[in-house]
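Here is the structure we will look at, set down as structure tokens.
Just so you know, all these numbers are worked out from the coordinates, no wet-lab data involved. Small disclaimer: the values here were computed from a predicted structure and weren't measured. Counting neighbours? That spans all protein chains shown, and the Cβs are built from the backbone with ideal geometry, glycine included.
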Amino acid sequence: MRPVVSVILLVSACSSISDEQRIAIDGVIETTDGDAAGTVHVSVHHGWLGEGLLRHPMAFIDRDTVEAPGSLDLVFDVPTDAGGEGLVVYAWHDRDGDGVLCSIDGDRTEHAGAVVVETWPAYAATIALTLDTPCAGPETFVP
């Protein structure tokens with residue numbers, strides 16, 4: 001009975017594993033407004049995902065934050081089995097600390113930017129990302 005339980009646990013563990021590639025992204029995030037205060041929300045997206053009528057740009061993968069513009073050193077697990085094409089790093093500067101990009105009651109001058117990771121697929125990438133577009137969501141930066 002014991003070997004059967006072991007086999008069942010092994011099969012169920014293997015079936016839940018998805019194909020992912022870990023990528024370390026480092027570099028710099030700069031702003032053009034000169035204000036270094038505030039959190040920067042960083043997210044990674046597939047440039048394109050899906051086929052036919054379901055094909056769409058900027059498919060969200062994961063997000064993280066860094067404190068204020070400056071150096072960037074993050075790690076993301078990117079699915080490789082979903083048919084996504086390319087990799088885009090998007091970020092925006094949360095100048096007022098409300099966690100919302102250009103909220104109605106918040107700072108309407110929060111800047112965003114994106115960069116295509118040219119070396120994808122890769123285990124590491126170095127990028128330079130400038131946040132210079134006010135109130136721009138990720139869909140604005142379709143590769």
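How big is the gap, in Å, between the Cα center of the range 38-80 and the Cα center of the range 84-143?
If we compute the Cα centre of each part, the gap is 8 Å.
I'd like the Kirkwood hydrodynamic radius of the chain, using the inverse of the mean 1/r over distinct C-alpha pairs, in Å.
Numbers: mean 1/r = 0.0601 Å⁻¹.
So the Kirkwood estimate lands at 16.6 Å.
State, as an integer percentage, the relative contact order of the chain based on alpha-carbon contacts under 8 Å between residues 6 or more apart. Before the final figure, lay out the partial values.
Values: 309 pairs, mean separation 41.7, N = 143.
The normalised contact order for the chain reaches 29 percent.
What FRET efficiency, computed as 1/(1 + (r/R0)^6) with R0 = 25 Å and r the Cβ-Cβ distance, is obtained for Ser103 and Arg63, rounded to the nearest 0.05?
Details: r = 17 Å, r/R0 = 0.70.
FRET efficiency, Ser103 to Arg63: 0.90.
By how many degrees, between 0 and 90 and to the nearest 10, does the Cα long axis of helix 2-15 differ from the longest principal axis of the chain?
So the helix axis and the longest Cα principal axis differ by about 30 degrees.
Mind checking the range 35-143 for GluC sites (Glu not before Pro) that DSSP puts in a loop (not H, G, I, E or B) and that have at most 15 other Cβ atoms within 10 Å? Walk me through the numbers on the way to the answer.
Details: sites: Glu51, Glu67, Glu85, Glu110, Glu118, Glu139; in loops: Glu51, Glu110, Glu118.
Passing both the DSSP loop test and the Cβ count: Glu51, Glu118.
Using R₀ = 25 Å, calculate the FRET efficiency as 1/(1 + (r/R₀)^6) where r is the Cβ-Cβ separation of Leu53 and Thr133; round to 0.05. The partial results should precede the final answer.
Numbers: r = 29 Å, r/R0 = 1.16.
The computed FRET efficiency comes out at 0.30.
Which chymotrypsin sites (Phe, Trp or Tyr not before Pro) does the range 51-130 hold that lie in a coil by DSSP with at most 12 other beta carbons within 10 Å? Please list the in-between numbers first.
Numbers: sites: Phe60, Phe76, Tyr90, Trp92, Tyr123; in loops: Tyr123.
Of the chymotrypsin sites (Phe, Trp or Tyr not before Pro), the ones in loops of the range 51-130 whose Cβ has at most 12 other Cβ atoms within 10 Å are Tyr123.
For Gly86, what residues show an amide H to amide H distance below 5 Å, using hydrogens built from the backbone and excluding near sequence neighbours?
Result for Gly86 returns Gly47.
Which ordering of Ser71, Ser43 is given by a fewest-first count of other beta-carbon atoms within 10 Å? Can you show the working numbers first?
Values: Ser71 10, Ser43 19.
If I rank by nearby Cβ atoms, fewest first, I get Ser71, Ser43.
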